[in-house]
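Scroll down for the structure; my scribbles are underneath it.
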Amino acid sequence: MTVVTNPVHAVLLAGHAAGEDAPLADEAEAFLRASEPPEHDKWGQTEELRMLYSPSAYRRITALTTRTNKAVRDLVALPVKKRNGGSERLRKRLAVGGRKVARSTTAAGPPTLEELDAQIDGDGAWCVTAEVRIPAGGDSWRPAPVAKLDVRSGPRPVVAWSELVAVHNCEVVDGAIHFTPGARNATFRGTTDVATHPVRAIFSGLVVELRTDKGAQA
């Protein structure tokens, strides 16, 4: 914690440590055990977690850590003293001399994958549902989702989609995502083509990327 907080020591209880009667204690215990490395010194991405849940399951741990840290900060942060009213009034009357420089305007950055849920269907294909975060003004980008198998060694082989469909705030045109004007988030769903898998899905992970190279922006 920073110097603007009271001294604090805290322990996060999760899974069975939170009590046998805690909601979803068994499920949380299994999830967190799957996220532990052999050293049992942290929670994060592991092969077991990826295989049992999804390639993006580790993000739930990041969200848990972020929310826990925020809760602790809200409890121990020292209140900020308000400025003196007279000083505030004087400050409003001051101005910086010199010519004002216009703020540069740059193109909005590309959309990014915010969440990815995946599972293997009965045919051995990866079925994914992806949520995309679109920055302000970034709805003109036309990213193309690319699926790659996350193998243990060597480069990640690209696999084809057998199906790529829009779910929310977008449409799919020739393999690219076209966003609804003004949208700040979108969702699409895809299924990989098993015929293009160099290895069975159960023996690999899945990586989904948004290809936004030059020419992918309208």
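The values are calculated or read from the model by the stated rules, or taken from the named source; none is laboratory data. Nothing here was measured: the structure is a model prediction, and the numbers come from that model. In this analysis, Cβ positions are derived from the backbone assuming ideal geometry, glycine residues included, and neighbour counts consider all displayed protein chains. Just so you know, the surface numbers come from the protein's heavy atoms only, side chains and all, with ligands and any DNA or RNA stripped out. Shrake-Rupley method; radii C 1.70, N 1.55, O 1.52, S 1.80 Å.
Residue-level check: of (1) open to solvent by 70 Å² or more (accessible area, probe 1.4 Å); (2) touching a residue at least 12 places away in the same chain (Cβ under 8 Å); (3) under 28 Å from Thr46 (Cα atoms), Lys148 misses just (1). Within region 19-62, being closer than 23 Å to Ala147 by Cα and not in a helix (DSSP H, G or I) holds for Gly44, Gln45, Thr46, Tyr53, Ser54, Pro55, Ser56, Ala57.
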